[in-house]
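Undergrad: This structure is in structure tokens; I'll ask about it shortly.
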Amino acid sequence: MVTDNLMEANPIFNPKGNDDVQDRTIIKWNTTGLFQLNATKYNWAKSLYQVMVGNFWIPEKVKGLWDDATQFRNELSDQEKRAYKWILSFLIFLDSIQTVNLPNFSEYITAPEVNLVLSIQAFQEAIHSQSYATILETVVDSKDRDEIYYFWKTDKHLLERNEFIGWIYQEFVDNPNDKSFFKWVIWNFLLESIYFYNGFAFFDTLASQSKMVATDQMITYIRRDELTHVTIFANIIKEIKKEFPDIYDEEIIIDMMKTAVKQEIKWSKHILWEGIIGMGHENIENYTKFLANDRMALLGIAPLYPDVVKNPYKHLEVMQDNNSERWNFFESTVTNYALSTSMNGTWEF
């Protein structure tokens, strides 16, 4: 059972702190605040740093968006245009709130090597926001841009989702204790591992039909980043389980995952109508539950949906190949990097 003990943010500088690796814990340690990165405890963070830096990209490197703009106007169905715009609206919100949220979260992490990768994640979230802005500037009519950014003002389903995510994060900011912190960690994991992926699958589906290929290439880079973010929080959760068993609560993880799955299915069915080829409601439900099982396995937790054993979008994995990049998406292993060929590695769990 998670306790309600008060959580305190790290002081900016603590001369009486202790940076010895053998004593270090991922949270609640008496750290000096110094980034002592020559002596690290969490090797997964050190490895992940190399992957995340090797994955550096900027949206200006993606070519062909003007072709997408022509296709958007002349070739997409009204349903596809609607889904394209409103999925972008939700993705924009997710990356926006993470950019703001992560610096707050880092204040409670007492391992510099973990704070290092969280800093890179925050930078990547900002790059994602710029990538969405680049898509909107190029593909969508200027008169529609504000409507896309603020779709939550007119769509009650999206407002409900955005408010819930914001409330989970705000709960800890307003009442920073062990329980609200643990929920904060879990919600970061769920946001990064569940909420983006039906939207990503939509763009892959279009690209598999030779539609909006440049947009999907941008999404491929974003997805690659998001998988490293999943890795960060999976490892943080496992370290908390090991070091702070009184804070870790598997029942909370299961309950929050079920909530995330329910919300993701409801939203995706709302925005991805049956008329979009390859994105039927049965596929949406099975894909979301398949992802949930996969993500729970990363934490060593049994599948929540044991009857769902297949990825209904298995055929789309070829769309995740980019510049000879080979992916094993659901095992989260990268064997080659599109924008940095000098680094190779396996993400550690």
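Undergrad: Restricting attention to the stretch 201-246, which residues are of a type in the set (Lys, Arg) and crowded, with 23+ Cβ neighbours inside 10 Å?
TA: Across the stretch 201-246, the qualifying residue is only Arg224.
Undergrad: Report every pair of residues separated by at least 6 positions or lying on different chains whose Cβ atoms are under 8 Å apart, first residue within the stretch 29-46 and basic (Lys, Arg), second part of a helix (DSSP H, G or I) and crowded, with 16+ Cβ neighbours inside 10 Å.
TA: Lys41/Glu113; Lys46/Glu113
Undergrad: Just one of Val140, Val117 is under 18 Å from the mean Cα position of the chain (by Cα) and more than 13 Å from Phe90 (Cβ to Cβ); which is it?
TA: After applying the criteria, what remains is Val117.
Undergrad: Just a yes or no: is a residue in the stretch 15-26 surrounded by 13 or more Cβ atoms within 10 Å (Cβ to Cβ) and under 22 Å from the mean Cα position of the chain (by Cα)?
TA: Scanning the stretch 15-26, I find at least one residue that is surrounded by 13 or more Cβ atoms within 10 Å (Cβ to Cβ) and under 22 Å from the mean Cα position of the chain (by Cα), so the answer is yes.
Undergrad: Now for a different question. Filter the stretch 253-288 down to residues that are assigned to a helix (DSSP H, G or I), more than 21 Å from Ile168 (Cβ to Cβ) and without any contact (Cβ under 8 Å) to a residue 60 or more places away in the chain, then give me how many there are.
TA: 6
Undergrad: Here is a check on your reading of the model: is Arg161 in contact (Cβ under 8 Å) with a residue 60 or more places away in the chain, more than 29 Å from Ser47 (Cα to Cα), surrounded by 20 or more Cβ atoms within 10 Å (Cβ to Cβ) and under 21 Å from the mean Cα position of the chain (by Cα)?
TA: On the way: in contact (Cβ under 8 Å) with a residue 60 or more places away in the chain: yes; more than 29 Å from Ser47 (Cα to Cα): yes; surrounded by 20 or more Cβ atoms within 10 Å (Cβ to Cβ): yes; under 21 Å from the mean Cα position of the chain (by Cα): yes.
Here the answer is yes, as Arg161 does meet what is asked.
Undergrad: Quick test for you: out of Ser208, Ser180, pick the one residue that is among the polar types (S, T, N, Q) and closer than 25 Å to Lys238 by Cβ.
TA: Numbers: Ser208 fails: closer than 25 Å to Lys238 by Cβ.
Sole residue among the options that is among the polar types (S, T, N, Q) and closer than 25 Å to Lys238 by Cβ: Ser180.
Undergrad: Which of the helices (runs of 4 or more DSSP H) found entirely inside the stretch 59-178 contain at least 3 residues meeting this: of a type in the set (Lys, Arg)?
TA: Counting at least 3 such residues, we get 78-106.
Undergrad: Ok, one more. Could you tell me which residue of the stretch 257-292 is nearest to the chain's Cα centre (by Cα), considering only residues that are within 19 Å of Ala83 (Cβ to Cβ) and hydroxyl-bearing (Ser, Thr, Tyr)?
TA: Thr288
Undergrad: Of the conditions (1) of a type in the set (Ser, Thr, Tyr); (2) more than 21 Å from Tyr108 (Cβ to Cβ); (3) part of a loop (DSSP other than H, G, I, E, B), Ser47 fails just one. Which one is it?
TA: (3)
Undergrad: Hey, among the residues in the stretch 164-200 that are of a type in the set (Val, Ile, Thr) and either over 20 Å from Glu107 (Cα atoms) or at pLDDT below 95 (or both), which one's surrounded by the fewest Cβ atoms within 10 Å (Cβ to Cβ)?
TA: Per the criteria, the residue is Val173.
Undergrad: Report yes if Ala9 is assigned to a loop (DSSP other than H, G, I, E, B) and under 25 Å from the mean Cα position of the chain (by Cα), otherwise no. Don't jump to the end; show me each part of the working.
TA: On the way: assigned to a loop (DSSP other than H, G, I, E, B): yes; under 25 Å from the mean Cα position of the chain (by Cα): yes.
It is true that Ala9 is assigned to a loop (DSSP other than H, G, I, E, B) and under 25 Å from the mean Cα position of the chain (by Cα).
The values are calculated or read from the model by the stated rules, or taken from the named source; none is laboratory data. Keep in mind that what you see is a predicted model, and the values were worked out from it rather than measured. All Cβ positions, glycine included, derive from the backbone under ideal geometry; neighbour counts span all protein chains shown.
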